[in-house]
1. Answer with yes or no whether GLN112 is under 22 Å from LEU144 (Cα atoms), open to solvent by 50 Å² or more (accessible area, probe 1.4 Å) and of a type outside the set (Lys, Arg).
2. Quick check on my filter: what residues within the stretch 349-373 are of a type in the set (Gly, Ala, Ser) and closer than 15 Å to LEU131 by Cβ?
3. Please report, ordered by residue number, the helices (runs of 4 or more DSSP H) entirely within the stretch 9-101 with at least 2 residues that are among the β-branched types (Val, Ile, Thr), over 28 Å from PHE155 (Cβ atoms) and open to solvent by 20 Å² or more (accessible area, probe 1.4 Å).
4. Out of VAL114, VAL104, VAL94, which single residue is under 22 Å from GLU176 (Cα atoms) and more than 18 Å from the chain's Cα centre (by Cα)?
5. Given the stretch 328-420, what helices (runs of 4 or more DSSP H) lie entirely inside it while holding 2 or more residues that are of a type in the set (Val, Ile, Thr)?
6. So, in the stretch 253-269, of the ones that are of a type in the set (Gly, Ala, Ser) and farther than 16 Å from LEU131 by Cβ, which residue ends up most open to solvent (accessible area, probe 1.4 Å)?
7. In the stretch 200-213, which residue that is open to solvent by 10 Å² or more (accessible area, probe 1.4 Å) and not in a helix (DSSP H, G or I) is farthest from ARG82 (Cα to Cα)?
8. Among the residues of the stretch 297-317, count how many are open to solvent by 20 Å² or more (accessible area, probe 1.4 Å) and either under 18 Å from the mean Cα position of the chain (by Cα) or at positive phi (or both).
Amino acid sequence: MTSQPAGFRPPPFPLPVRGALGGWRVLESVGVARAALGEASLVAAARRASGLHDFADESFRDPLRRLLASLEDEARLHPLGRMLLRQSLVRALVNRLRLEDLCVRHPAIREQPVEAPVFIVGLQRTGTTLLHRLLTCEPALRPLLSWEALNPAPFPATPGWRRARPGRDPRMRLAETAERGLRYLAPAFFAIHPVEAHAPEEDVLLLDLTFVSPTADATLRVPSYSSWLRDTDQGPAYRYFRRIIQLLLWQRSGRWLGKTPHHLENLDALQGVFPDAKIIQTHRDPARVVASFCSMMAHGRALFSDRVDARELGAQLADRAVRAVTRAMAVRERATPGAFLDVAYANVIADPMKEIRRIYDFVGLSLAPATEASMQRWLAANPQDRRGVHRYRLEDFGLDAAELERRFEPYRSRFGVSRE
């Protein structure tokens, strides 16, 4: 039985999916139709799908094994969740194989410069997505697009893909299918966080290829893996992350524009790999942030499991948010002057273009009239709550406002974060 406060209920799947899941469970109970999540099965599937064999660096295997063990023992996956995860894990392995193959055939990828990248960091739900979408209007900046995030390594040319429209990357078709599937399974999720095939996406998804990624930590119940992730050195994962960015810049050039809250708790690794990075940190009332993030991840977890423990999730994500800002403050105490710019969520909402001009000064760009007009059009077309109202409460996740206030007081004082 799911343990959760009365105020939270995972949204149900559409009726046909619920019916199919019931039949699927019966088949699984007799050993039929169970998606395999074993290391050997996943690696073999990736090699078959790609036609490639050589991973070169196989250091990914230990994190993968840890993740798989936690998935099997702790994640409480329903059959659809197992299938979706198998597809995701095989896709990550396929992209690793393609990256190595491309680097052999195109050595220039390894030499691709990543100069003065711009990263937007901050706790979840602090305006990072709004700033990211506005900055992608700047032609000089090169964001990650959702269809690239799913498959950063291009597909080899095959007859089957030549039917695509001229100039249309075949990876787009798969991303569009994935978007339609998510809209059908979880339409309410789009009111919380838009996932659109051709829109900018968080570059945290590139870390999924390392299997040292917070995506699993946030969207799945994997406490053993999460504990290991907190204590493991993030440097190797960020070095591989840079390799993927090089691959993407080799495909389409520009100054890299990244965005993810995950970087906040790994600023030391981020700066170690990108020493000339310009980092924009966003700030918002932590009580609002944690409640909103809990709601988003509860909806995300329901895609993989029908046993979402809201209290357990609330405690985990509150700890994670406190850890992120505490680590970030420690790194910033010894940071290079001029590496960071602080942006308040309230200021972004009140006057987004004023904050954009501050950011342009910080990163050393000039805001052209045409780019500003493009940003204004985006703002007009995307008012807050356009996709629906996102409602959430701390008590839905067993969290106490006074306790959160105490834990976040050092962060609030350090950056002058106002209460909402």
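The values are calculated or read from the model by the stated rules, or taken from the named source; none is laboratory data. On a predicted model such as this, the values are computed, not experimentally measured, just so you know. Please note: Cβ atoms are built from the backbone with ideal geometry, for glycine as well, and neighbour counts cover all protein chains shown. For the accessible areas, the whole protein counts, side chains as well, though only heavy atoms, and no ligand, DNA or RNA atoms are used. Shrake-Rupley method; radii C 1.70, N 1.55, O 1.52, S 1.80 Å.
1. Criteria not met by GLN112.
2. Selection gives ALA350 alone.
3. In the stretch 9-101, the matching helices (runs of 4 or more DSSP H) lie at 15-29.
4. Every option except VAL94 fails the conditions.
5. In the stretch 328-420, the matching helices (runs of 4 or more DSSP H) lie at 345-350, 352-363.
6. SER253
7. Within the stretch 200-213, the match that is farthest from ARG82 (Cα to Cα) is PRO200.
8. Final tally of qualifying residues: 4.
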